[in-house]
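Here the structure is laid out as structure tokens; the discussion comes afterwards.
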Amino acid sequence: MTQVVEISVQDQQLWQEYLALCFYAFDRLSNAGRAEKLTELGRHSHTYVMLDDQGEVKSGLMVTNLPVNWHGQQFLMGAVGYVATYPEFGGQGAISQLMSAAYAQMAADGVYLSYLAPFSFTFYRRFGYEQVFDQVVYELASRDFPRLPKVATGRVERGDFLTDLDLMATLYAKSDQSQQGGVVRENWWQQYRFSKHPRFEVAFSYDDADQADGYLLYERTPGETFAIVELMATTADSQMRLLQFAGKHVSSYQKLLYVSGNQTVQNDLLPEAYQLSTKVQPYMMASVVDWASLIAKWHFTADLAEPIVLAIEDDFYPANAGLWQLTIEHGRGQLTATEATTIDLRIDTRQLTKVVLGYRSLTTLHQRGEIQAEASVLQVLQSCLNYAEKPMLWDYF
């Protein structure tokens with residue numbers, strides 16, 4: 001009889017079977033280095049596997065609890081990754097059972113949100129996830145890199161990528177770009193995330209007081225591409241200094257490439273925008289594990305004069321579903337179960353996720369026919385969710 005169990009890296013036999021499954025499912029060659037990286041992640045994660053009748057691992061996933069920053073507030077997020085099933089075991093509901101176990105664990109851990117990188121957006125919508133994070137890909141021929149105004153103050157110095165991880169983490173945390181849903185990079189995660197990329201290089205911007213105020217993380221492909229991995233600046237001057245540093249390299253490469261987690265397209269920064277090739281590509285999904293707990297701590301941008309009654313649909317996680325009364329006072333909300341007969345807004349948990357996290361407006365969803373509400377309700381509620389930036393995610397798991 002099949003069963004879902006939680007395993008750890010100390011469960012030698014089952015852990016090795018899960019590693020073998022991951023290498024097979026993701027078409028990766030098994031070697032000691034990859035196994036150790038995955039095992040390091042496993043030390044900080046909940047790992048659930050499906051065992052077949054013979055007690056062998058046939059399917060599995062990891063949930064790694066990571067803090068994330070939303071508008072200056074930290075919430076615990078469950079990063080779901082390494083979801084894998086052997087092909088011959090597919091179609092038997094294993095992932096649904098594993099996701100149920102993952103949701104129960106996240107609820108027990110006080111996790112309010114969950115992120116994942118989908119192989120199929122349609123597939124993971126079954127479990128309450130919705131597209132929230134996009135990336136903007138900029139590509140510029142080296143000959144078209146603009147002449148930038150020189151910053152007379154401060155300087156840029158190259159650092160050592162692997163030994164300067166702490167300084168990078170400090171500057172990342174200070175950047176506004178890390179505070180729109182980005183991962184709060186604790187030391188173990190910073191080490192794990194970047195130790196897989198030995199070819200990355202870093203340069204730091206310093207102001208006149210000799211204080212670091214930004215960094216440029218980049219990778220070079222000889223003769224071909226200068227790729228910006230992250231540009232985390234805390235001031236306008238630091239951003240310009242780091243861009244100037246990048247510009248001093250581009251003549252040695254055919255093109256500059258930047259895959260940015262900032263969803264706002266910024267073509268207007270170039271004098272001749274037609275020279276820049278820009279595309280928006282989908283990145284990751286998010287779900288809300290516990291709406292009542294999240295709303296109680298969320299930062300709203302306005303108050304509600306009168307309560308709003310929500311009918312939330314959630315086919316996968318029943319604890320979120322039902323009729324709720326929403327009140328917002330002094331920027332803090334509260335969801336209370338209600339038996340009200342008048343409903344102000346009918347919305348699926350996935351659409352509500354997009355709205356609350358700032359990916360889509362209520363008006364847009366209403367125009368698409370994805371929610372039901374009066375226009376006056378949409379306007380009042382949207383004023384409570386008026387954020388300057390869309391969600392940004394710079395990490396992968």
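The values are calculated or read from the model by the stated rules, or taken from the named source; none is laboratory data. This one's a predicted model, so the numbers in the text were calculated from it and none came from an experiment. All Cβ positions, glycine included, derive from the backbone under ideal geometry; neighbour counts span all protein chains shown.
Couple of notes before you dig in:
- From the options THR163, THR122, THR153, residue that is loosely packed, with under 15 Cβ neighbours inside 10 Å, over 29 Å from SER195 (Cβ atoms) and without any contact (Cβ under 8 Å) to a residue 12 or more places away in the chain: THR122
- Qualifying residue in the range 329-348 (condition: of a type in the set (Ser, Thr, Tyr), under 24 Å from the mean Cα position of the chain (by Cα), at pLDDT 95 or above and surrounded by fewer than 20 Cβ atoms within 10 Å (Cβ to Cβ)): no
- Residue count, the range 196-219 (criterion: assigned to a strand (DSSP E or B) and more than 25 Å from the chain's Cα centre (by Cα)): 3
- Residue, farthest from GLY159 (Cα to Cα), within the range 202-216, restricted to residues that are aromatic (Phe, Trp, Tyr) and crowded, with 20+ Cβ neighbours inside 10 Å: TYR215
- Candidate set from the range 299-328 (those that are of a type in the set (D, E, K, R) and at pLDDT 95 or above); member that is surrounded by the fewest Cβ atoms within 10 Å (Cβ to Cβ): GLU306
- One residue stands out in the range 12-37 among those that are surrounded by fewer than 16 Cβ atoms within 10 Å (Cβ to Cβ) and acidic (Asp, Glu): the one that is modelled with the lowest pLDDT, namely ASP27.
- Any hit, the range 267-283, residues being among the basic types (Lys, Arg), modelled with pLDDT of 95 or more, loosely packed, with under 14 Cβ neighbours inside 10 Å and under 19 Å from GLY181 (Cβ atoms): no
- Within the range 21-30, considering residues that are in contact (Cβ under 8 Å) with a residue 24 or more places away in the chain and hydrophobic (A, V, I, L, M, F, W, C), the one farthest from LYS58 (Cα to Cα): PHE26
- Hits in the range 224-245 (condition: touching a residue at least 60 places away in the same chain (Cβ under 8 Å) and either basic (Lys, Arg) or part of a helix (DSSP H, G or I) (or both)): ASP237, SER238, MET240, ARG241, LEU242, LEU243, GLN244, PHE245
- Helices (runs of 4 or more DSSP H) lying entirely in the range 258-372 (those with 1 or more residues that are in contact with a helix residue (DSSP H, G or I) (Cβ under 7 Å, 6 or more places away or on another chain) and among the basic types (Lys, Arg)): 349-356
- Just so you know, in the range 241-266 the residues that are of a type in the set (A, V, I, L, M) and over 18 Å from ARG147 (Cα atoms) include one that is surrounded by the fewest Cβ atoms within 10 Å (Cβ to Cβ), and it is VAL265.
- Test: residue in the range 84-103 that is assigned to a strand (DSSP E or B), of a type outside the set (A, V, I, L, M) and buried (at least 19 other Cβ atoms within 10 Å of the Cβ): yes
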